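Participant: To start, I am sharing the structure in question, which I have written as structure tokens.
The values are calculated or read from the model by the stated rules, or taken from the named source; none is laboratory data. Values in this document were obtained by computation on a predicted structure and should not be read as measured data. Here the Cβ is made from the backbone with ideal geometry for all residues, glycine too, and neighbour counts use every protein chain on show.
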Amino acid sequence: KSRLPVVAIDGPAGAGKSTVSRLVAQRLGLTYLDTGALYRAVTWAVLRSGVPLADAVGVAEVAASTPVELRWQPDLRVFVAGEDCTDIIRTPEVTQAVSQVAAQPAVRQVLLYIQRQYGQRGGIVVEGRDIGTTVFPTAELKIFLTASVQERAQRRWQELQQQGITGLDVAAIAQAIQKRDAQDSQRQVSPLRQAADAVVIDSDGLDVAGVVAQIVAVWQTRSQFQSQSAAQL
Ligand code: CDP
Ligand code: CDP
């Protein structure tokens, strides 16, 4: 095999994929790759262009003509046409629009190519919705990270409180999360789906450290097994 290992982490919105993937990458000495950031970056470009979200041809044109780039400096940052958009792609405007843009087959095709380019040599922890099923179906380890809608909404609410953003209630956040999950699961091309060979982690009642420890443990068990069977040959 000519590439380093790939760890794929998929799951619904707010399950803890970004937080956990970043830490797992640190622990295993791998690079963290956030694919949602690419979809958010294209969405930001579409919103800025004034092209209506429902205009499939227009959206496809923006996706094909806007250079979207990730840079590790050393933290992961996202650039759209050379401009650092790391913070602006997290705004509610982008979050509300992203699932509709991500449902466009032309957008997915452009970003599939970019994701595989970044993952060419492996050595990555990749997080998204269709990593284990479509982007890196031969990943050495696939995790499907999930949690109940209530728990995910509660975590988001807490996160916003900590950022000094008040006025949103948990129920409204839960509704927005459910809407995005439905859109992501029901689209035609490459929907949010658990890979058949994924290890499922339900993080209800589990903290970040607990989830990271579980993933690292599965990883260590597997690599031990792999090196043992290699030694037996
Ligand atoms: O972190 P959060 O759960 O808010 O979402 P994200 O990972 O930043 O992804 C934002 C959106 O991008 C998702 O709701 C999906 O619509 C889309 N996405 C996707 O379609 N495929 C991926 N591999 C990653 C994200
Ligand atoms: O990337 P994704 O949308 O799946 O989730 P995230 O952006 O990592 O956000 C998850 C939030 O829940 C963060 O504030 C975490 O600190 C918190 N959290 C978690 O990720 N995992 C747990 N087991 C418990 C809390």
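Participant: What about LYS179, is it surrounded by fewer than 15 Cβ atoms within 10 Å (Cβ to Cβ) and either closer than 22 Å to TYR39 by Cβ or in contact with a Ser or Thr (Cβ under 8 Å, 6 or more places away or on another chain) (or both)?
Facilitator: Taking the combined requirement at face value, the residue satisfies it.
Participant: Under 8 Å between Cβ atoms, which residue pairs at least 6 apart in sequence (or on different chains) link something in the stretch 87-115 that is free of Cβ contacts under 8 Å to residues at least 60 places away in the same chain and under 17 Å from SER49 (Cα atoms) with a partner that is of a type outside the set (Gly, Ala, Ser) and within 16 Å of ligand 2 (Cβ to nearest atom)?
Facilitator: ILE88/VAL94; ILE89/ARG40; ILE89/THR43; ILE89/VAL78; VAL94/ARG40; VAL94/THR43; ALA97/THR43
Participant: Give the residue, chosen from THR146, THR134, that is without any contact (Cβ under 8 Å) to a residue 60 or more places away in the chain, within 23 Å of GLN115 (Cα to Cα) and within 13 Å of ligand 1 (Cβ to nearest atom). It would help to see each step written out before you state the result.
Facilitator: Values: THR146 fails: without any contact (Cβ under 8 Å) to a residue 60 or more places away in the chain.
Selected residue: THR134, the only one of THR146, THR134 that is without any contact (Cβ under 8 Å) to a residue 60 or more places away in the chain, within 23 Å of GLN115 (Cα to Cα) and within 13 Å of ligand 1 (Cβ to nearest atom).
Participant: Which condition does VAL125 not pass, out of (1) assigned to a strand (DSSP E or B); (2) away from ligand 1 (no atom under 15 Å from the Cβ), if it passes all the others?
Facilitator: Every condition holds for VAL125 apart from (2).
Participant: Within the stretch 131-165, which residues are acidic (Asp, Glu), at pLDDT 95 or above and either under 18 Å from GLN178 (Cα atoms) or assigned to a helix (DSSP H, G or I) (or both)? Lay out the reasoning, then the answer.
Facilitator: Taking the stretch 131-165 first, the residues acidic (Asp, Glu) are 140, 151, 159.
Filter once more, so that each one left must be at pLDDT 95 or above: 140, 151.
Within the stretch 131-165, just GLU151 meets the criteria.
Participant: May I ask you to list pairs of residues, at least six apart or on different chains, whose Cβ atoms are under 7 Å apart, with the first in the stretch 1-12 being within 14 Å of GLY122 (Cα to Cα) and in contact (Cβ under 8 Å) with a residue 60 or more places away in the chain and the second being within 14 Å of ligand 1 (Cβ to nearest atom) and in a loop (DSSP other than H, G, I, E, B)?
Facilitator: Every condition considered, the pairs that remain are VAL6/PHE136; VAL6/ALA139; VAL7/ALA139; ALA8/PHE136; ALA8/ALA139.
Each row is one residue, and each column tells you yes or no for (1) surrounded by 16 or more Cβ atoms within 10 Å (Cβ to Cβ); (2) within 16 Å of ligand 2 (Cβ to nearest atom).
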site: ARG22; (1), (2): yes, yes
site: THR31; (1), (2): yes, no
site: GLY36; (1), (2): yes, yes
site: ARG40; (1), (2): yes, yes
site: VAL57; (1), (2): no, no
site: ASP75; (1), (2): no, yes
site: GLU83; (1), (2): no, no
site: ILE88; (1), (2): yes, no
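Participant: A further question on this structure: Taking the options GLN109, GLN161, GLN150, name whichever one is more than 22 Å from PRO5 (Cα to Cα), polar (S, T, N, Q) and touching a helix residue (DSSP H, G or I) at 6+ places or on another chain (Cβ under 7 Å). Working first, answer last.
Facilitator: On the way: GLN109 fails: touching a helix residue (DSSP H, G or I) at 6+ places or on another chain (Cβ under 7 Å); GLN161 fails: touching a helix residue (DSSP H, G or I) at 6+ places or on another chain (Cβ under 7 Å).
So the residue among GLN109, GLN161, GLN150 that is more than 22 Å from PRO5 (Cα to Cα), polar (S, T, N, Q) and touching a helix residue (DSSP H, G or I) at 6+ places or on another chain (Cβ under 7 Å) is GLN150.
Participant: While we're looking at this one, here's another question. Only one residue in LEU206, LEU192 is outside any helix (DSSP H, G or I), closer than 29 Å to ARG27 by Cα and in contact (Cβ under 8 Å) with a residue 60 or more places away in the chain, so which one is that?
Facilitator: Details: LEU206 fails: in contact (Cβ under 8 Å) with a residue 60 or more places away in the chain.
Among LEU206, LEU192, only LEU192 is outside any helix (DSSP H, G or I), closer than 29 Å to ARG27 by Cα and in contact (Cβ under 8 Å) with a residue 60 or more places away in the chain.
Participant: If you don't mind, another one. Just need a number here: residues in the stretch 170-228 that are under 24 Å from GLU159 (Cβ atoms) and of a type in the set (Gly, Ala, Ser). First the steps, then the outcome.
Facilitator: Quick first cut of the stretch 170-228, residues under 24 Å from GLU159 (Cβ atoms) only: 170-185, 192, 200-216.
Next, from what is left, pick out any that are of a type in the set (Gly, Ala, Ser): 171-172, 174, 176, 182, 185, 203, 205, 209-210, 213.
Here the count works out to 11.
Participant: Among (1) within 11 Å of ligand 1 (Cβ to nearest atom); (2) surrounded by fewer than 24 Cβ atoms within 10 Å (Cβ to Cβ); (3) more than 11 Å from the chain's Cα centre (by Cα), where does PRO12 come up short?
Facilitator: Failed condition: (3).
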